[in-house]
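Undergrad: Submitted below is the structure of interest, expressed as structure tokens.
No lab work stands behind these numbers, since they all come straight from the coordinates. What you are looking at is a predicted structure, and each value in this text was computed from that prediction instead of being measured. As a convention, Cβ positions derive from the backbone with ideal geometry for all residues, glycine included, and neighbour counts pool all protein chains shown.
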Amino acid sequence: MNTLKLAKPGLITYGLPLFIILSSVSLAMSPLLKKIPELAIGITYDLTLITPLVYLFLIWKKKTPNITAIPFFVIGVLLATFLIPSQEQFHLNLIKTYVAPLVPLTVVSIVVYKVYQELISIKADSIKIEDKYLLFKRISKAVVPNARVARVMASEAALIYYSIFSWKSRKVTKDQFTNYKESGVISLLLGLILVIIIETFVLHALLIEWNEIVAWIFTLSSIYVIFQIIGHLKALVRRLSEIKEDRLIFKNGLLGDINIRLDEIEYIEMTTKEVESDKKVAYLTLSKGIDNHNVVIYFNRTQQVEKIYGTVKECEILLLHVDNKDRFVNRINECIAINQKSNIK
């Protein structure tokens, strides 16, 4: 019974707009439209305006963002375009001319407003977020309620920021650590960029003789991949792993982050050996077998590694590579001991 009660609000919220759409589509595809052409006016407004307005009414005072009504409008316009005869599309053309341009403007306005609100909130809380990727994650969560979509948005924003705009280097403090100087990952990524550039020039020249569109799609895709690599490379240098109060925040460029409570670390060891265990194992390196680990952390409870584009992997054992591993392990153990003493007091 509880399941039915919980399901009803969602069923009504989405079911009623879908019912209006299906009814309008059925009417548009029926012989009645040919017999009574005036029905096209009602069908047009039902699909394009009534459906999103009904949906907005149903989500009023709920946590669902108003921006989610836009897909109903877009779908309605597309359906009306294909279903309504061209000679009966006068009202549809009015909507396309005067209402449709407001949609992207509304989206941009809502996003800008929510970003502004979140920045004001951060400033009011006296929070200084030096890591721009973490800032993008927080803003994305404020703009988009869906956690997976928010993480994808944050990944794309961070990719653009680090590949194009981020040039200022950061000084490493005693509680901050790098993970790129001793691994050779920088040379590997630069070499990969060079290979992609050469292959792109060669394949573009070959493909353009066959199909110009395919050639440019391939070339633009390659350029996007290069920007991804550059963004990750620069994020490796500028996003420092750090110990903050009772937490270890380990960052691997744009490919993965983990935020660990120090009291959830069972023990930590320096090793390059593969871990054979029935427990869940995660890697915070470029790739298994390419960027080898030199530190293993064992946890007393399951942790989550947040990877690029919103993917999450659970682990009980974490393999990672860190520069100056002795300082890293000693500092972790030192902070764990300090936290344990403070908890006893």
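Undergrad: Ala337 to Val237: FRET efficiency via 1/(1 + (r/R0)^6), r the Cβ-Cβ distance, R0 41 Å, to the nearest 0.05?
TA: Details: r = 31 Å, r/R0 = 0.75.
The pair Ala337/Val237 has a calculated efficiency of 0.85.
Undergrad: I would also like to ask the following. Report the convex hull volume per residue for the range 241-344, counting only C-alpha atoms, in Å³. Don't jump to the answer; show the numbers that get you there.
TA: Values: hull volume 10.3 nm³, N = 104.
Measuring per residue, one finds 99 Å³ for the Cα hull of the range 241-344.
Undergrad: What are the ³J(HN,Hα) values, in whole Hz, obtained from phi via the Karplus relation 6.51 cos²θ - 1.76 cosθ + 1.60 with θ = phi - 60°, for each residue of the range 323-338 in sequence order, with x given for Gly and Pro?
TA: My calculation for the range 323-338 gives 6, 6, 4, 4, 4, 4, 5, 4, 5, 4, 4, 5, 5, 4, 5, 5 Hz in order.
Undergrad: Over the chain, what is the relative contact order in percent, taking alpha-carbon pairs closer than 8 angstrom and at least six residues apart? Please list the in-between numbers first.
TA: Working: 427 pairs, mean separation 42.9, N = 345.
The value is 12 percent.
Undergrad: A further question on this structure: Antiparallel versus total DSSP beta bridges in the chain: what percent is that, nearest 5?
TA: Close to 85 percent.
Undergrad: In terms of modelled amide H atoms, which long-range or inter-chain residues lie less than 5 Å from the amide H of Tyr180?
TA: Distant-sequence amide H within range of Tyr180: Asp323.
Undergrad: Rounded to the nearest 0.05, what FRET efficiency is calculated for Tyr98 and Leu119 with R0 set to 41 Å and r the Cβ-Cβ distance?
TA: Details: r = 33 Å, r/R0 = 0.80.
My answer for the efficiency is 0.80.
Undergrad: If I take the Cα coordinates of the range 220-284 and project them onto the principal axes, what are the three extents in Å, biggest first?
TA: 46, 32, 18
Undergrad: Right, another one. For the chain, with the dipole built from +1 on Lys and Arg beta-carbon atoms and -1 on Asp and Glu ones, taken about the Cα centre, which of Leu92, Gln340, Pro145 lies farthest toward the positive end?
TA: Gln340
Undergrad: P(r) for the chain: what percent of alpha-carbon pairs falls in each 10 Å bin, starting at zero?
TA: Result returned by the calculation: 5, 17, 21, 20, 18, 12, 5, 1, 0.
Undergrad: I've got another one for you. Could you work out how far helix 212-238 tilts from the main Cα principal axis of the chain, as a 0 to 90 degree angle to the nearest 10?
TA: 40
Undergrad: Right, next: What length, rounded to one decimal in nm, is gained on full extension from Lys279 through to Leu32, with 0.36 nm per residue of separation minus their alpha-carbon distance?
TA: Values: separation 247, 0.36 × 247 = 88.92 nm, distance 6.43 nm.
Full-extension gain reported as 82.5 nm.
Undergrad: Moving on. Per 5 Å bin, what percent of the C-alpha pairs of the range 2-100 does each bin hold, from zero upward?
TA: Once binned at 5 Å, the Cα pair distances of the range 2-100 give 2, 13, 23, 21, 16, 11, 7, 4, 2, 0, 0.
Undergrad: Here is a further query. Report, in debye and to the nearest 20, how large the dipole of the chain comes out about its Cα centre when Lys and Arg carry +1 and Asp and Glu carry -1 on their Cβ.
TA: 1080
Undergrad: Work from the charge dipole of the chain (Cβ charges, +1 for Lys and Arg, -1 for Asp and Glu, about the Cα centre) and give the residue of Tyr161, Tyr283, Ser221 farthest towards its positive end.
TA: With unit charges placed on the Cβ atoms, the residue in question is Tyr161.
Undergrad: Also, quick follow-up: Taking the Cα centre of the range 241-344 as the origin, how large is its charge dipole in debye, to the nearest 20, when only Lys and Arg (+1) and Asp and Glu (-1) carry charge on their Cβ atoms? Mind showing how you got there, number by number?
TA: On the way: 15 positive and 18 negative charges, 28 e Å.
Dipole size: approximately 140 debye.
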